[in-house]
C-alpha cells in the first residue's frame, strides 16, 4: 500500500499534470466554439475501434504493432494497480491470471519500446528524421525504466518469498534468477529501492505527459471521440454572409477550438507525410511539419496576449504567411489522404479551406489563373468559360431528351461541366448515354439549364460563388421535382450528395459506377466482346476516400470479358491523388514534381496496358501524365464507361438486329 508520503507525491504529480493540461486548455479555448459531443454511442464505438482496437494503426504492420504493445503494456498494469490500490486485495482466483497477464503485456511493452527505438534511431524512416525533439528519447527511457524496474521488483519478490504462484509469473521468475544468489537483506533493500524508483519513474512520466510530445496520450483518444461524423467529403458552409465582418481564418482565434485541439492531438507518427501528395511530390505541404509550425504560432500569440501585447500589431507574425505559408495553403488537393491515415482523425482540409476563404473573400488573393476560372463560373456556370447555351451540344444526334421535354423519368443524368465542355470527357458522357439506353432506364438531362455543381469554387475558397451556384441548381431541380440523380464526376457526386443538403437540396445521388455495377449484376447490361488487355485502376479521391466507393468500379472491370485487373501499390483507401482536386485542376503546378506524373509512374510499374478511372479530372490528369512522359504507345487512359461500351459490342448488336429485321 502507498504511504502518506507516496500519497502526497501522488497529489503533487496530479497537480502538475492538471496544470499542464490547463495551460493547453487555455490555448484551445482561443478558438471559436464548436460542438462535437453529439451521437455519443457512435463516438464511444470510435474509441473502442480506433483507440482500444488500434484499427487504423494496425494497417501499418511494424509501427502499428509497436504502438499496440506499448499501449497495452502501460495501460493494463496501470489500470490494475489503480483497482488494487482502491480495493486493497484481489482473490487468488483472479490474482494468478492477472499475474500472467502482467508478464505478457509487460514483455510486449518492452518489445514495443525496443521496436520504437530501433525504428527511430536505426531505421530512421524519412517521416521521422526531422523530428529529433529531446522529449522523444526521454519518453522511451522513462518507459523502459518503468517496465524494467517493474520486472525487477517482481523478480526480487519471487526470489525472496518463493511463492507457490511462481508458475503464473514466468518472466518474473526469469528475473528472480538474477537476484536469487543475494542475501535476504540485500534482496529486501533492492526490492524497496527498485519499487521506489519504479513508482517515481511512473509518476514522473505522468507529470511529463502534458509538457511533452506524449500529450497525445490524452488528446489522441479525445480527438478520436470528437472526430467529425459528417460525410468525409463534406465541408461546413458559411451561413452568415450578410452579417459577418470577416470570412475564413486569418488569425488563430478564427479557427475553431477543435481545429486548435488537433494540433496537440497529433501523434507525430508521420503517416500523413507518407501519403500526402504534396509532401511526396516535394511541395511545402507536409501536415505533420505544418502543425508544428502552427502550434508554435499559437503559443506565441497566447504569450503575447498574456503580456498585454497586441498579437496582431505592427511587426507581429501572421497566421497566413508565418504560421502557414501561402504555398502550403494552395498546395493542398483536398484529397483526404492525411485524414484517412491519421490514427487520431486529424483533418487538414478544413483548416486550409478556412484560410483560402479568407484569402479569396477578404483579400482577393489567389493564384492568378484562378481569376479567369471564377469569372467563367460567374458568367457561364462552368470553369472553361464556354457559353452556357452550348452546354447540351455534346448530346446532338444522341436522341437525348431534356427535363424541359420530359421530366417523368427514372433519374436525372447530371452531366457536369467536364462531360459537357471538355472534348475528352464528352466521349465519356456519350458512353453513358449508350449504357443508360441499353439498360432500359428512362432518363433526361437538364441541357442548358444545368449549372456547375460548385465543387472547385468551394474548395478554392470562394464560398459566395459556390452558394450562388448551389441555389441556382436547387431551384432548377425543384422546378422539375428531381428526386434521383446520376453523375459522371465524383466531385459532382460528392457535392450533390453530401453538401447540397446543407442548403435544402435532398436527393438520392449515385455515381455512374453504382448504376453500371448494379445493371451488370442484375443482367440488364450484357458484355460480350472480350477486351484482352491488362488494366490497373486508379481510385479517385472523391469517389474512394470521400465516399468509400471502391468495389463497384472493380466489379465493372471484373465483368468485362478478357480484361485482367492488376492493382497499383497505392490503391483503395491509400490511393494516390491525380493532383486535380481542391481546385488544383485550374492552377499551375510550379513547386516540386507534378503529382500526375508520380501517379503515372505508379501505374507504369504495374506493366498494365491501360489505366482506368471513373473521374473526369483523373482521366485528364492521367492522360496528360502519359503524354508528358511519352508513354502513348505503351499505355492508354480510359474511363470505365468507355470500356463497358466497347465490351457491349454495339456494332455487332446493331448488325445482328439489322439481320434479324431483314430476315
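Does residue 61 count as in the same structural domain as residue 203 (by TED's automatic domain parsing), modelled with pLDDT of 85 or more and over 32 Å from the mean Cα position of the chain (by Cα)? Let's see the steps before the verdict.
On the way: in the same structural domain as residue 203 (by TED's automatic domain parsing): yes; modelled with pLDDT of 85 or more: yes; over 32 Å from the mean Cα position of the chain (by Cα): no.
No; evaluated as a whole, the condition is false for this residue.
Which is under 26 Å from residue 525 (Cβ atoms) and in a loop (DSSP other than H, G, I, E, B), of 637, 647, 580, 608? Steps first, answer last, please.
Working: 637 fails: in a loop (DSSP other than H, G, I, E, B); 647 fails: in a loop (DSSP other than H, G, I, E, B); 580 fails: under 26 Å from residue 525 (Cβ atoms).
Of the residues listed, the single one that is under 26 Å from residue 525 (Cβ atoms) and in a loop (DSSP other than H, G, I, E, B) is 608.
Please state which of the following conditions residue 288 fails to meet, knowing it meets all the rest: (1) part of a loop (DSSP other than H, G, I, E, B); (2) surrounded by 22 or more Cβ atoms within 10 Å (Cβ to Cβ).
That leaves (1) as the condition not met.
For the range 393-403, name all the residues that are in a loop (DSSP other than H, G, I, E, B) and out of contact with any helix residue (DSSP H, G or I) (no Cβ under 7 Å at 6 or more places or on another chain). Step through it out loud before you land on a result.
Within the range 393-403, the subset in a loop (DSSP other than H, G, I, E, B) is 396-401, 403.
Residues satisfying the conditions are 396, 397, 399, 401.
Counting only residues that are in contact with a strand residue (DSSP E or B) (Cβ under 8 Å, 6 or more places away or on another chain) and surrounded by 13 or more Cβ atoms within 10 Å (Cβ to Cβ), which one in the range 5-42 is modelled with the lowest pLDDT? Spell out the reasoning first.
Initially, the range 5-42 is screened for residues in contact with a strand residue (DSSP E or B) (Cβ under 8 Å, 6 or more places away or on another chain), giving 31-34.
Next cut, surrounded by 13 or more Cβ atoms within 10 Å (Cβ to Cβ) only: 31-32, 34.
Values: 31: 93, 32: 93, 34: 90.
By that ranking, first place goes to 34.
Would you mind telling me which numbered condition in (1) out of contact with any strand residue (DSSP E or B) (no Cβ under 6 Å at 6 or more places or on another chain); (2) crowded, with 19+ Cβ neighbours inside 10 Å residue 355 fails?
Result: residue 355 passes all but (1).
Could you identify the single residue in 137, 167 that is closer than 23 Å to residue 114 by Cβ and free of Cβ contacts under 8 Å to residues at least 24 places away in the same chain?
Details: 167 fails: closer than 23 Å to residue 114 by Cβ.
Result: 137 is the single residue among 137, 167 that is closer than 23 Å to residue 114 by Cβ and free of Cβ contacts under 8 Å to residues at least 24 places away in the same chain.
Hey, does the range 429-440 have a residue that's at pLDDT below 95, surrounded by fewer than 16 Cβ atoms within 10 Å (Cβ to Cβ) and either over 34 Å from the mean Cα position of the chain (by Cα) or part of a helix (DSSP H, G or I) (or both)?
yes
Output yes when any residue across the range 228-235 is crowded, with 19+ Cβ neighbours inside 10 Å and closer than 21 Å to residue 24 by Cα, and no when none is.
Taking every residue of the range 228-235 in turn, none turns out to be crowded, with 19+ Cβ neighbours inside 10 Å and closer than 21 Å to residue 24 by Cα.
If you check 500, 512, 466, which single one turns out to be free of Cβ contacts under 8 Å to residues at least 24 places away in the same chain, in contact with a helix residue (DSSP H, G or I) (Cβ under 9 Å, 6 or more places away or on another chain), assigned by TED's automatic domain parsing to the domain that holds residue 585 and crowded, with 19+ Cβ neighbours inside 10 Å? Full working, then the answer.
Working: 500 fails: free of Cβ contacts under 8 Å to residues at least 24 places away in the same chain; 512 fails: free of Cβ contacts under 8 Å to residues at least 24 places away in the same chain.
Unique residue meeting the criteria: 466.
Has the range 262-273 got at least one residue that is farther than 18 Å from residue 132 by Cα, within 19 Å of the chain's Cα centre (by Cα) and in a loop (DSSP other than H, G, I, E, B)?
Checked the range 262-273: no residue is farther than 18 Å from residue 132 by Cα, within 19 Å of the chain's Cα centre (by Cα) and in a loop (DSSP other than H, G, I, E, B).
Within the range 171-180, does at least one residue satisfy the condition of being surrounded by 18 or more Cβ atoms within 10 Å (Cβ to Cβ), within 48 Å of the chain's Cα centre (by Cα), assigned by TED's automatic domain parsing to the domain that holds residue 78 and within 23 Å of residue 269 (Cα to Cα)?
No: zero hits.
Consider the range 515-532. How many of its residues are within 14 Å of residue 610 (Cα to Cα) and surrounded by fewer than 16 Cβ atoms within 10 Å (Cβ to Cβ)?
To start, the set of residues in the range 515-532 that are within 14 Å of residue 610 (Cα to Cα) comprises 531-532.
Then keep just the ones that are surrounded by fewer than 16 Cβ atoms within 10 Å (Cβ to Cβ); that gives 532.
Result for the range 515-532: 1.
With respect to the numbered conditions (1) surrounded by fewer than 18 Cβ atoms within 10 Å (Cβ to Cβ); (2) under 20 Å from the mean Cα position of the chain (by Cα); (3) part of a helix (DSSP H, G or I), which one is the sole condition not fulfilled by residue 196?
Status for residue 196: all satisfied but (2).
Please enumerate the residues belonging to the range 27-50 that are farther than 14 Å from residue 262 by Cα and assigned to a helix (DSSP H, G or I).
40, 41, 42, 43, 44, 45, 46, 47, 48, 49, 50
Report every pair of residues separated by at least 6 positions or lying on different chains whose Cβ atoms are under 7 Å apart, first residue within the range 416-443 and assigned by TED's automatic domain parsing to the domain that holds residue 383 and on the phi > 0 side of the Ramachandran plot, second buried (at least 17 other Cβ atoms within 10 Å of the Cβ) and assigned to a loop (DSSP other than H, G, I, E, B).
From the range 416-443, the pairs are 416/453; 416/488; 416/489.
If you go through the range 140-166 one residue at a time, how many are farther than 17 Å from residue 192 by Cβ, at pLDDT below 90 and assigned to a helix (DSSP H, G or I)?
Qualifying residue count for the region: 1.
Given the structure, is residue 167 assigned by TED's automatic domain parsing to the domain that holds residue 205 and touching a helix residue (DSSP H, G or I) at 6+ places or on another chain (Cβ under 6 Å)?
Working: assigned by TED's automatic domain parsing to the domain that holds residue 205: yes; touching a helix residue (DSSP H, G or I) at 6+ places or on another chain (Cβ under 6 Å): no.
Spelling it out, it is not the case that residue 167 is assigned by TED's automatic domain parsing to the domain that holds residue 205 and touching a helix residue (DSSP H, G or I) at 6+ places or on another chain (Cβ under 6 Å).
Would you confirm whether any residue within the range 567-576 is in contact with a strand residue (DSSP E or B) (Cβ under 6 Å, 6 or more places away or on another chain) and either modelled with pLDDT under 95 or not assigned by TED's automatic domain parsing to the domain that holds residue 275 (or both)? Break it down stepwise before answering.
Going through the range 567-576, the residues in contact with a strand residue (DSSP E or B) (Cβ under 6 Å, 6 or more places away or on another chain) turn out to be 568.
Among the residues that remain, those that are also either modelled with pLDDT under 95 or not assigned by TED's automatic domain parsing to the domain that holds residue 275 (or both) are: 568.
Yes - at least one qualifying residue is present in the range 567-576.
If you go through the range 115-126 one residue at a time, how many are part of a helix (DSSP H, G or I) and either touching a strand residue (DSSP E or B) at 6+ places or on another chain (Cβ under 6 Å) or surrounded by fewer than 15 Cβ atoms within 10 Å (Cβ to Cβ) (or both)? It would help to see each step written out before you state the result.
Within the range 115-126, the subset part of a helix (DSSP H, G or I) is 115-123, 126.
Then keep just the ones that are either touching a strand residue (DSSP E or B) at 6+ places or on another chain (Cβ under 6 Å) or surrounded by fewer than 15 Cβ atoms within 10 Å (Cβ to Cβ) (or both); that gives 118, 121-123, 126.
Total satisfying the criteria: 5.
Contact list please: Cβ distance under 6 Å, first residue in the range 370-394 and touching a residue at least 12 places away in the same chain (Cβ under 8 Å) and at positive phi, second residue in a loop (DSSP other than H, G, I, E, B) and surrounded by 14 or more Cβ atoms within 10 Å (Cβ to Cβ), pairs at least six apart or on different chains.
381/451; 381/452
Considering only residues that are free of Cβ contacts under 8 Å to residues at least 40 places away in the same chain and not in a helix (DSSP H, G or I), which ones fall in the range 1-26?
If the condition is that a residue be free of Cβ contacts under 8 Å to residues at least 40 places away in the same chain and not in a helix (DSSP H, G or I), then 3 is the only one that fits.
Here is a list: 185, 202, 222, 244. Which entry is at negative phi and surrounded by 19 or more Cβ atoms within 10 Å (Cβ to Cβ)? Give the steps one after another, and end with the answer.
Working: 185 fails: surrounded by 19 or more Cβ atoms within 10 Å (Cβ to Cβ); 222 fails: surrounded by 19 or more Cβ atoms within 10 Å (Cβ to Cβ); 244 fails: surrounded by 19 or more Cβ atoms within 10 Å (Cβ to Cβ).
Result: 202 is the single residue among 185, 202, 222, 244 that is at negative phi and surrounded by 19 or more Cβ atoms within 10 Å (Cβ to Cβ).
Say we look at the range 127-136 and pick out the residues that are surrounded by fewer than 16 Cβ atoms within 10 Å (Cβ to Cβ) and assigned to a helix (DSSP H, G or I); which of these is modelled with the lowest pLDDT?
129
If the requirement is being surrounded by fewer than 21 Cβ atoms within 10 Å (Cβ to Cβ), assigned to a loop (DSSP other than H, G, I, E, B), modelled with pLDDT of 95 or more and touching a helix residue (DSSP H, G or I) at 6+ places or on another chain (Cβ under 8 Å), which of these qualifies: 382, 365? Walk me through it before giving the result.
On the way: 382 fails: surrounded by fewer than 21 Cβ atoms within 10 Å (Cβ to Cβ).
On inspection, the qualifying residue turns out to be 365.
The values are calculated or read from the model by the stated rules, or taken from the named source; none is laboratory data. Note that the structure is a prediction, hence the values are computed from the model and not measured. When we count neighbours, we look across all protein chains shown, and the Cβ atoms used for this are built from the backbone with ideal geometry, even at glycine.
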